Amino acid sequence: MRNRMRDTAVAIAAASAVVVLAACGQGTTTGATGGHAPRIALLMPNSTTARWEGRDRPLLEKRIKELCAECRVEHADAGGDVATQQRQMDSMITNGVDVIVVAAVDAKSLSAAVEKADRAGVRVIAYDRLAGGPIEGFVSFDGEQVGRLQGRALLRAMRERGHGDGGRIVMINGDPTDPNAVAFKKGALSVLEGRAKISRAYDTLRWRTETAYMNMSGAIAALRPRNIDGVYAANDNLAAGAIAALKANKVDPLPPITGQDAGLEAVRRIVGGEQYMTVYKPFTAEADAGARMAVATARGKSLDRVATDRVNNGTRKAVPAVLLTPVAVTVGTIKDTVVKGGAYTIGQICVPRLEADCHRAGLTG
């Protein structure tokens, strides 16, 4: 009798354990996350460049939730400060996120934080800017092609103004600690060298508009405006600084000036004739690739289906990568690029002060 009672008690206990385990397993996911809902952190470099908080982060967050309804998304903005981004990385690691998607303020300085994340089992996806350290994947645009597009457009603009080969250029390059800036510069020089005279060249730490203003002012003082036939600015923020310096020095007409990122103000400057071109990088496609990488990594899946390219970041070779195709934008192609791509509407571009310019550019309706 005692044996039967003991056997019954054991059976009930075993059955109860099964029920408890089954209940604990309900509503959870499996994979690299060890059974809990995946947590993905989005770390943006600053909010001064409109794209990061205005386009990239919202697009990433939206796409991640579409791909993984149970995923929890956290985010932070470094305000352009290296130490702040390092602290944010440390905080996300301590708080136990599974994947960090980071657009680095300074790729080299972030290496130690990426290594710390790797040791803690937190995987890092480098977004737009190739970070150092043992990253899991990388998504961006072909940086050298960006530079080539800028260089070709600048040569074309100078020729249109009667400056053939040998036109004199001021180069306002990006941050030399950013691998993307290095690629942009390399691509631009591959087009410009031998076809133009580079009279002055500057690197711009942290991509600061005010530094571009200062450097352009120095170039104007040293060269005089009549000896500047074109300005290579690596992105739209730097273009804004260069244009402000030229206008402050009463340079008229402005020389052709390049840019990148297709920010709304840059597109308006192109319509108004202040900036010659920018480079459109469809952020929706970039965010989609970044989100798919993050979700696949969080679920412990291979990135082979997402990443068709490979890059070397100096720490790891053959890092899975998605390298997208950039597009040049001038006044005549705005409608077929940024408008058609859904970045902006004609109404957003054509503010009242640009009404006549928009009409001339065919930006109506």
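The values are calculated or read from the model by the stated rules, or taken from the named source; none is laboratory data. Please read all numbers here as calculations on a predicted model, not as lab measurements. Here the Cβ positions follow ideal geometry from the backbone for every residue, glycine too, while neighbour counts run over all protein chains shown.
Some notes on this structure:
- Among the residues making up segment 35-85, a single one is in a strand (DSSP E or B), within 15 Å of Val99 (Cα to Cα) and in contact with a Pro (Cβ under 9 Å, 6 or more places away or on another chain): Arg72.
- Of the residues making up segment 171-221, those that are in a strand (DSSP E or B) and more than 14 Å from Leu154 (Cα to Cα) are Ser199, Arg200, Ala201, Tyr202.
- Here Ala188, Ala126, Ala117 are screened, and the one residue that is among the aliphatic types (A, V, I, L, M), assigned by TED's automatic domain parsing to the domain that holds Thr297, crowded, with 24+ Cβ neighbours inside 10 Å and touching a residue at least 40 places away in the same chain (Cβ under 8 Å) is Ala126.
- Subset of segment 45-75 that is of a type in the set (Gly, Ala, Ser) and within 15 Å of the chain's Cα centre (by Cα) - its residue that is surrounded by the most Cβ atoms within 10 Å (Cβ to Cβ): Ala50
- Within segment 146-176, the set of residues being under 15 Å from the mean Cα position of the chain (by Cα) and over 21 Å from Ile270 (Cα atoms) comprises Asp175 only.
- Flag if Arg316 is modelled with pLDDT under 95 and assigned by TED's automatic domain parsing to the domain that holds Trp52: yes
- Hey, Ala112 of a type outside the set (Ser, Thr, Tyr), crowded, with 24+ Cβ neighbours inside 10 Å and not assigned by TED's automatic domain parsing to the domain that holds Gln260 or not: no
- A single entry from Ala234, Ala289, Ala240 fulfils the requirement of being over 23 Å from Ala196 (Cα atoms) and hydrophobic (A, V, I, L, M, F, W, C): Ala289.
- Subset of segment 192-205 that is in contact (Cβ under 8 Å) with a residue 40 or more places away in the chain and surrounded by 19 or more Cβ atoms within 10 Å (Cβ to Cβ) - its residue that is farthest from the chain's Cα centre (by Cα): Ala196
- Qualifying residue in segment 306-329 (condition: part of a helix (DSSP H, G or I) and either closer than 27 Å to Arg152 by Cα or of a type in the set (Val, Ile, Thr) (or both)): no
- Evaluation of Ala32 against (1) part of a loop (DSSP other than H, G, I, E, B); (2) within 14 Å of Ile125 (Cβ to Cβ); (3) at pLDDT 95 or above; (4) of a type in the set (A, V, I, L, M, F, W, C) (one fails), failing number: (3)
- Matching residues in segment 248-301 - criterion: being of a type in the set (S, T, N, Q) and farther than 22 Å from Val73 by Cβ: Asn249, Thr258, Gln260, Gln275, Thr278
- The residue of segment 163-181 that is nearest to Gly314 (Cα to Cα), among those that are at pLDDT 95 or above and either surrounded by fewer than 21 Cβ atoms within 10 Å (Cβ to Cβ) or of a type outside the set (Gly, Ala, Ser) (or both), is Asn173.
- Qualifying residue in segment 276-296 (condition: farther than 30 Å from Glu70 by Cα and either without any contact (Cβ under 8 Å) to a residue 40 or more places away in the chain or assigned to a loop (DSSP other than H, G, I, E, B) (or both)): yes
- Residue in segment 266-289 that is surrounded by the most Cβ atoms within 10 Å (Cβ to Cβ), counting only those that are touching a strand residue (DSSP E or B) at 6+ places or on another chain (Cβ under 9 Å) and of a type in the set (Val, Ile, Thr): Thr278
- Candidate set from segment 83-129 (those that are among the hydrophobic types (A, V, I, L, M, F, W, C) and touching a Ser or Thr at 6+ places or on another chain (Cβ under 7 Å)); member that is farthest from Thr297 (Cα to Cα): Ala107
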